[in-house]
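Working notes for the structure below.
The values are calculated or read from the model by the stated rules, or taken from the named source; none is laboratory data. Since this is a predicted model, take the numbers as computed values, not measurements. We place every Cβ from the backbone using ideal geometry, glycine too, and count neighbours over all the protein chains shown.
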Amino acid sequence: MNVSSRKAGTTIKRLREQRAWSQPDLAKAARLPVRTIGRIERSEVDVRLGTLSKIAKALRKRPRDLLP
C-alpha cells in the first residue's frame with residue numbers, strides 16, 4: 001500500500017531539518033537510498049507504508065505523525 005501525500009514529504013523534510021540531518025543522514029538511519037529520501041521530500045513518488053515506517057522510526061516518530 002502506498003501513501004500519496006505532498007504533506008508527508010514536507011513533514012519528513014521539516015523533521016529531518018529539525019534534527020540538523022542531511023538527506024544522507026536520514027537515509028542511513030532509515031536504511032534507505034538517499035535518492036528515495038529526496039524523491040519523497042520532493043513529492044515525486046508515493047510513499048510505501050514500509051518506507052514510511054522506516055523513516056518514522058529513524059526520526060523517532062510514529063508513522064501517522066508523518067501524515068497530514
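Which one of the conditions (1) buried (at least 17 other Cβ atoms within 10 Å of the Cβ); (2) closer than 15 Å to PRO63 by Cα; (3) of a type outside the set (Lys, Arg) does ALA27 fail to meet, given that it meets all the rest?
(2)
Within segment 37-55, does at least one residue satisfy the condition of being in contact with a Lys or Arg (Cβ under 6 Å, 6 or more places away or on another chain) and at negative phi?
Yes, some residue in segment 37-55 is in contact with a Lys or Arg (Cβ under 6 Å, 6 or more places away or on another chain) and at negative phi.
For LEU32, all conditions in the list (1) surrounded by fewer than 19 Cβ atoms within 10 Å (Cβ to Cβ); (2) in a helix (DSSP H, G or I) hold save one; what is the number of the exception?
(2)
Quick one: in segment 1-28, which of the residues that are part of a loop (DSSP other than H, G, I, E, B) and modelled with pLDDT of 95 or more is nearest to ARG64 (Cα to Cα)?
Among those residues, the one meeting the criterion is ARG19.
Could you list all residues from segment 35-44 that are exposed (fewer than 15 other Cβ atoms within 10 Å of the Cβ) and either at pLDDT below 95 or among the aliphatic types (A, V, I, L, M) (or both)?
Selection gives ARG42, GLU44.
Select from segment 58-68 the residues that are modelled with pLDDT of 95 or more and over 10 Å from the mean Cα position of the chain (by Cα) and list them in ascending order.
Correct list: ARG60, LYS61, ARG62.
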